[in-house]
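Since every read-out is calculated from the coordinates, none of them should be taken as a lab result. Predicted, not measured: the structure shown is a model, and the values here were computed from it. Neighbour counts are summed over all protein chains in view; Cβ atoms, including those assigned to glycine, are modelled from backbone coordinates with ideal geometry.
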Amino acid sequence: MDLNSGMNFIHQVHGPEESRAPKVDVVIVGAGPAGLACAVELRLRGLDSLIFDKGRLLNSLSNFPTQMQFFTSPPGLEIGGLPLDSPDTRPGRAEVLNYYHRVAKHYELSIRQDERVHQIEGQDEAFTVRTTHSAYACRKVIIATGYFDIPIWLGIPGEDSNKVSHYYQDPSGLSGRAVVVIGGRNSAGTAALELNRAGVHVTLIHRGAAFTKAMKPWIREELEARIDSGEINALFSSQVRVIQSQSIIVETPGGTTTLRNDFVFALTGYKPDMGFLTEAGVGLDAAGKRPLLNAQSLESSRPGIYLAGVVAAGLHTNELNIEHAKAHARCVASNIAVADLNSQTLHQPVSVD
Ligand SMILES: Cc1cc2nc3c(=O)[nH]c(=O)nc-3n(C[C@H](O)[C@H](O)[C@H](O)COP(=O)(O)OP(=O)(O)OC[C@H]3O[C@@H](n4cnc5c(N)ncnc54)[C@H](O)[C@@H]3O)c2cc1C
């Protein structure tokens, strides 16, 4: 499927023609589940949209662990009334990716891949969205940029070396090697288990005294069993202080220790690009952690720009999941549709007879 095929909806703007260019109703920044759900909900209300992604369609999900299973059952992931048929209550990443591609095709969504949005100029009803390729006119903008692009760095020496990754995908090439997984949540637990199954010597290092309550019980149970049996080495209340080419230095309750090490997965979370929000004119709360939004419409403090999906929670990324993104999409689309109706009513001649 050629997803860069939505030329019929694209209204590129070049210099002085800007004010006369026809407009797409809505530009959506980000082709994740939230961006797709918004486009579908807008389409169901008769509004056109154009989605941009700086990477592929479903860029974040494409980079999730290859063998992962979603925690959410199929109905929770479905959008636009299309069924996600899966034999499993926890569908795999490939199934979910295929499903969302089908949704995009079914609703003939206009998606521009590998085209990053870097600036939103103008005002409500007359925005110009500038991308790496061109500029586009639209009436409204929805920012659905997620949170997976920026890892939360530990800020320790050696973290930027090529033996460190903040993303785990699969254990290939690591069998028999000494690998450290840093983190205490589901991602770290799942990676440690999968690496261990693949014959990797895993040490899991967590700064907390125990795994977080958010860890799914089936992950925790298996992890604890393998830690008890000595298959996985675990250090709690411990922090990696330095990453060197063949070792790491860890501060543990028993003192500082050096471990032989070939590779590090620092799975310490991700955060949204708050700079993109502020550059787009979206205000943040006093702590700079949460975007300022109208709770009913999800319209931001900059009129005409809405937020949907995980980015709406700012740095509180754990508050929102794909089901929330779907609810956001319905809310944003219906608010834009109502605004559309109001503006038509205001501008149309009123019959007085
Ligand atoms: C391992 C893992 C497992 C998970 N399991 C579940 C689960 O079982 N159930 C669940 O509900 N949630 C789960 N989540 C969370 C879920 O993935 C997120 O809630 C969901 O991806 C959020 O969707 P989104 O559309 O808001 O953001 P994303 O999916 O992150 O999409 C944002 C998109 O915006 C694009 N983008 C960013 N900046 C720009 C820009 N400037 N210009 C153009 N494009 C841009 C990105 O490339 C990306 O494609 C999981 C997360 C992880 C990491």
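Write down the percent of antiparallel bridges among all DSSP beta bridges whose residues are both part of the chain, to the nearest 5.
On the way: 27 of 55 bridges.
Of the beta bridges lying entirely in the chain, close to 50 percent run antiparallel.
Cα-Cα pairs above 26 Å in region 153-266: how many percent? Mind showing how you got there, number by number?
Numbers: 652 of 6441 pairs.
More than 26 Å apart: 10 percent of the Cα pairs in region 153-266.
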> When the chain is treated as a GNM, springs tying every alpha-carbon pair under 10 Å, which of M68, M274, M215 comes out with the largest mean-square fluctuation?
Replying inline: M215
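At 222 nm, what value in deg cm²/dmol follows for the chain if DSSP H runs of at least 4 each add -39500 (n - 2.57) and the sum is divided by all its residues, to the nearest 500? Each step should come with its number before you reach the end.
Numbers: 8 runs with 90 residues, N = 353.
Theoretical 222 nm ellipticity from helices: -8000 deg cm²/dmol.
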> What list of ³J(HN,Hα) couplings, whole Hz, do you get for region 188-198 from phi and the Karplus terms 6.51, -1.76, 1.60, once you set θ to phi - 60° and write x for glycine and proline?
Replying inline: 5, x, 5, 5, 4, 5, 5, 5, 4, 4, 8
>> What would the Debye equation give as log₁₀ I(q)/I(0) for the chain at q = 0.08, 0.13 Å⁻¹, counting only Cα atoms as equal point scatterers?
In response: -0.46, -1.02
>> In the chain, if the dipole is taken from +1 on Lys/Arg beta carbons and -1 on Asp/Glu beta carbons about the Cα centre, which of P171, I182, V240 is farthest to the positive end?
In response: V240
>> Across region 182-222, what fraction of all alpha-carbon pairs, as a whole percent, falls in each successive 10 Å bin from zero upward?
In response: 31, 58, 11
> Ratio of region 235-326's C-alpha Rg to 2.2 N^0.38 Å, to two decimals?
Replying inline: 1.59
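Using a 10 Å cut-off around each Cβ, can you sort R207, R139, R112 from fewest to most neighbouring Cβ atoms? All intermediate terms of the calculation are to be shown ahead of the outcome.
Numbers: R207 16, R139 20, R112 27.
Fewest-to-most Cβ neighbours within 10 Å comes out as R207, R139, R112.
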>> Compute the angle between helix 217-228 and the longest alpha-carbon principal axis of the chain, please, reported from 0 to 90 degrees and rounded to the nearest 10.
In response: 20
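Order of K216, K140 from fewest to most other C-beta atoms within 10 Å?
Working: K216 13, K140 26.
Fewest to most other Cβ atoms nearby, the residues stand as K216, K140.
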> Given H placed on each backbone N at 1.01 Å, which residues far from Y270 in sequence or on other chains put an amide H within less than 5 Å of it?
Replying inline: I152
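If packing is taken as the average number of other Cβ atoms within 10 Å across a peptide's residues, how do 88-101, 296-309 rank, most packed first? All intermediate terms of the calculation are to be shown ahead of the outcome.
Values: 88-101: 16.5, 296-309: 21.6.
Taking the mean over residues of other Cβ atoms within 10 Å, the ranking is 296-309, 88-101.
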> When DSSP beta bridges are limited to those with both residues in region 153-266, what percentage is antiparallel, rounded to the nearest 5?
Replying inline: 40
